[in-house]
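Student: Let me begin by handing over the structure; questions about it come next.
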Amino acid sequence: MEDDAATRERFCASIAASEYLRLVYAAVCGNDMLNWLKDHHADVLLSDLGLPDISGIDVIRYCAIRHPATDIMVISMFEDESHVLASIEAGASGYLLKDAMDDDIEKQIMLLSSGGAPMTPVIARLVLRKFRKEPAPAVDVPPGGALTPRELEVLNYISRGFKYAEVARLHEVSIHTVHTHIKNIYVKLAVHSKSEAVYEANKLGLLK
């Protein structure tokens, strides 16, 4: 379930090319998926969260109740604690960030189906810290005190909803460079997600 056409087509192509997987349905929005799930089921459900009609979490919850044997994995841009924990509580067993994924979705689906819980490392760390009740790691840099002009530009783009790939194109750099800027921003603002970074930057008056 993915509303972005390019991403949806990429996943569908990867699944179609697999000798172990079979695509049974590809929904564009949440309501389409809910209607399909009323009379059908699948071994695995891949779900985005930011859909144009309803939250993917509502679909995850419905699927988990109606088809408890279905393994559910989130593939999303959202990396904040509220979305991650709500997805897991609703029934998801895996959580991957789009910006951190490689092209081998088959490997992640096979891992999920075999009883694993695929998670982007930063998401796994967030979940562990939550359940261990660990404090956020301390940093020596004063919050907001050392952002470079380029980091401020990247942060402003992110706060306006630009994707990492779009920021990379605007600055004519690689997406790896954008990830490095984001990582530096997280450390300097002592945060662990884009939403936290935007909140702290807004509070400090760093956003345009």
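Student: Filtering region 147-183 down to residues that are within 22 Å of the chain's Cα centre (by Cα) and among the polar types (S, T, N, Q), which residue is nearest to V198 (Cα to Cα)?
Tutor: Only one residue fits best here, namely S159.
Student: Before we move on, is T70 touching a residue at least 24 places away in the same chain (Cβ under 8 Å), hydroxyl-bearing (S, T, Y) and surrounded by fewer than 17 Cβ atoms within 10 Å (Cβ to Cβ)?
Tutor: Criteria not met by T70.
Student: Whether any residue in region 43-59 is exposed (fewer than 14 other Cβ atoms within 10 Å of the Cβ), closer than 19 Å to S114 by Cβ and not hydroxyl-bearing (S, T, Y) is what I want to check.
Tutor: Within region 43-59, not a single residue is exposed (fewer than 14 other Cβ atoms within 10 Å of the Cβ), closer than 19 Å to S114 by Cβ and not hydroxyl-bearing (S, T, Y).
Student: In region 60-83, what residues are among the hydrophobic types (A, V, I, L, M, F, W, C) and either at pLDDT below 90 or in the same structural domain as A168 (by TED's automatic domain parsing) (or both)? Spell out how you get there, then give the answer.
Tutor: First, the residues of region 60-83 that are among the hydrophobic types (A, V, I, L, M, F, W, C): 60, 63-65, 69, 72-75, 77-78.
Passing the criteria: M77, F78.
Student: Here is a further query. Give me the strands (runs of 3 or more DSSP E) completely within region 37-139, filtered to those with at least 3 residues that are β-branched (V, I, T) and under 17 Å from the mean Cα position of the chain (by Cα), ordered by residue number. Even if it seems obvious, please write down each step before you answer.
Tutor: Details: elements: 44-47, 71-76, 94-97.
Qualifying strands (runs of 3 or more DSSP E): 71-76.
Student: Okay, next question. Pairs needed: first member in region 1-14, within 10 Å of I105 (Cβ to Cβ) and in contact (Cβ under 8 Å) with a residue 24 or more places away in the chain; second member anywhere, surrounded by 14 or more Cβ atoms within 10 Å (Cβ to Cβ) and not charged (D, E, K, R); C-beta distance under 7 Å; at least 6 residues apart or different chains.
Tutor: From region 1-14, the pairs are F11/L46; F11/I105; S14/I105.
Student: Give me a count of the residues in region 15-41 that are among the small types (G, A, S) and surrounded by 18 or more Cβ atoms within 10 Å (Cβ to Cβ).
Tutor: Total meeting the criteria: 2.
The values are calculated or read from the model by the stated rules, or taken from the named source; none is laboratory data. Keep in mind that this is a model prediction, so the values were computed, not measured. Every residue, glycine as well, gets a Cβ built from its backbone with ideal geometry; the counts of neighbours run over all protein chains shown.
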